[in-house]
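Working notes for the structure below.
The values are calculated or read from the model by the stated rules, or taken from the named source; none is laboratory data. Here the structure is a predicted model, which means the values were calculated and not measured. No Cβ is skipped: glycine too gets one built from the backbone with ideal geometry, and neighbour counts run over all protein chains shown. With ligands, DNA and RNA removed, areas are computed over all heavy atoms of the protein, side chains included. Shrake-Rupley method; radii C 1.70, N 1.55, O 1.52, S 1.80 Å.
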Amino acid sequence: MDEAKWYVVHTYSGYENKVKVNIEKAIKNRSMQDLIHVVEVPLQDEVEEKNGTKKTVQRKIFPGYVLIKMVMTDDTWYVVRNTRGVTGFVGPDSKPVPLSPHEIECMGIDMKIFKSSFAVGDRVKMLVGPFADQEGVIEEIQEAKDVVVVRFSGFGREFPVEVGFDAIVACID
């Protein structure tokens with residue numbers, strides 16, 4: 001299987017969250033969790049003052065854009081490209097071009113914001129390694145080490161395994 005990469009999708013302004021929800025529904029309906037891993041609208045906290053009261057609000061870092069970590073295939077391209085509100089992939093002639101780690105760093109995106117979508121107790125499916133295609137439960141999140149501890153059942157017992165965030169496909173409902 002090809003490695004998943006980050007792609008940028010352009011959306012109608014104000015449709016970012018709707019596009020995210022619609023793509024996530026399509027992923028679930030078409031059982032594409034192993035191909036489309038993460039759909040994110042990058043947000044940042046800002047403090048705004050209104051009538052003398054300070055309030056923390058979340059603002060979109062890139063209005064009109066959604067980031068998707070996926071394996072690019074004809075099927076995944078079709079699902080994303082034909083989602084209501086999507087105008088196309090970012091790239092020359094709307095041909096998807098994955099972001100390089102350097103580009104992600106230059107954009108000032110802290111990749112840890114994507115890791116916060118996991119929580120202790122979530123059921124997840126593994127993407128790579130000796131436990132590929134196995135389901136487990138997140139037991140612990142160690143963000144400093146960029147790993148999670150997932151509890152698997154097998155061989156007549158349960159056991160914890162420490163894996164990187166990139167090894168996890170997605171949360172399973």
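Tabulated values for the structure
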quantity	calculated
Qualifying positions in segment 1-25 - at pLDDT 90 or above and assigned to a strand (DSSP E or B)	Tyr7, Val8, Val9, His10, Thr11
Residues of segment 121-157 that turn out to be farther than 24 Å from Lys5 by Cβ, without any contact (Cβ under 8 Å) to a residue 24 or more places away in the chain and out of contact with any Gly (no Cβ under 9 Å at 6 or more places or on another chain), as a count	9
Pair list, Cβ < 8 Å and 6+ apart or interchain, from segment 50-68 residues that are loosely packed, with under 10 Cβ neighbours inside 10 Å to residues that are part of a loop (DSSP other than H, G, I, E, B)	none
Considering residues of segment 13-40 that are of a type in the set (D, E, K, R) and over 13 Å from Val71 (Cα atoms) only, the residue least open to solvent (accessible area, probe 1.4 Å)	Glu16
Hits in segment 26-85 (condition: of a type outside the set (A, V, I, L, M), touching a helix residue (DSSP H, G or I) at 6+ places or on another chain (Cβ under 8 Å) and not in a strand (DSSP E or B))	Arg30, Gln33, Pro42, Pro63, Gly64, Thr83, Arg84, Gly85
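Here's the yes/no breakdown for (1) outside any helix (DSSP H, G or I); (2) at pLDDT below 75; (3) open to solvent by less than 70 Å² (accessible area, probe 1.4 Å):
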residue	(1), (2), (3)
Lys125	yes, no, yes
Val128	yes, yes, no
Ile138	yes, no, yes
Ala144	no, yes, no
Val149	yes, no, yes
Ser153	yes, no, no
Glu162	yes, no, no
Asp166	no, yes, no
